[in-house]
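Single-structure report; data block below.
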Amino acid sequence: MRRILSLLILLVTLAVFSYDGKPTNPVLKIAIESSEDSKDSIELRDYLRSQVSKTNRGEVAFSLKGISFSDFSFDRNGNADPSTLQELKKFGQIDKLTLVSLDKGYTSISLIDVTTGRLEYKNGLPDRLTKTLVDDFVQMLDRKNIQLALQMPHTSETATVQLHSVQSNYKIGEPIRFELESSEDRFVYVVVLPENGKDEPVLLFPNSLQKNHYLKKGERVTIPDIRIAFKSSQSKKETVRVFTPKEEWKDIRLGNGKDNLYKIMPQAITGTKSSDVTPLSVAKSIFESPKTDFEFLISTN
């Protein structure tokens, strides 16, 4: 087992992105614990803690005493039972709880949302495939950090885009279309924010029909293209967040028919899903990009 972990540490350390020592973007606050008392399981727990911390993929919390993680239970829909919910309350301001187990030749990793008590991720493989399992977990963690960065409160910087709505009010199910004008030479990304703050954001622009998203000063673009239907499914309001970075988000640009940003946000227009690795540097770029929010009023009449 020690040989497997040593090889794992070497391979993953070579693959992680470099950290420049500057303040990072907000990331998830995570507690990483072992659900088993075995030596191998505890070694894996400590390894994950060090890797998540070193690569700035999360703020790792200290251990909590007096909790038996082996007693945690969830129903078939991933909802925690009452006793598990009660134990999760002890984690205070922690966002997520990661439980690891390496016992009897089998490795498993789970991720629990502490606030909702939902089991968001669970995967297990034979211990000879521990590296594969850790890679999958890290990819999932990267996507969640990116989603967090997309939904962080917008900055107070002067807006670099203006919105010219085709109309000010929409009905539920009616296609929403608007025009953006850039006041500077900027890349533009338009994201639809979920009303509940928990679902995944949706990329509206660029898209499969509008891949050129670099706007010159004074240039206007209609979003989305008339061939794409963006319809509101909720009443009261629809919020879109416009990111205007000076530099393109390199790791998520469109290309070769594979829309990498859609892979980060699976519920985007294409509906494409992927488990491709997404560096945390992308989340940092998202967080540091100027943002402007626009709201559309939605009615049932």
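The values are calculated or read from the model by the stated rules, or taken from the named source; none is laboratory data. Just so it is clear, the structure is predicted and the values come from calculations on it, not from any experiment. Note that each Cβ is placed from the backbone with ideal geometry, even for glycine, and that neighbours are counted across all protein chains shown. Areas reflect the complete protein model, heavy atoms only, side chains present, ligands, DNA and RNA absent. Shrake-Rupley method; radii C 1.70, N 1.55, O 1.52, S 1.80 Å.
See the values below:
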{"read-out": "Candidate residues Phe243, Phe62: accessible-area rank, largest first, probe 1.4 Å", "value": "Phe62, Phe243"}
{"read-out": "Amide H within-cut-off set for Tyr121, under 5 Å, with H built and near neighbours excluded", "value": "Leu111"}
{"read-out": "The range 166-225: trypsin sites (Lys or Arg not before Pro) falling in loop per DSSP and having at most 15 other Cβ within 10 Å", "value": "Lys198, Lys211, Lys216, Lys217"}
{"read-out": "Cα centre as origin, Lys/Arg/Asp/Glu Cβ charges: the range 79-229 dipole, Debye", "value": "160"}
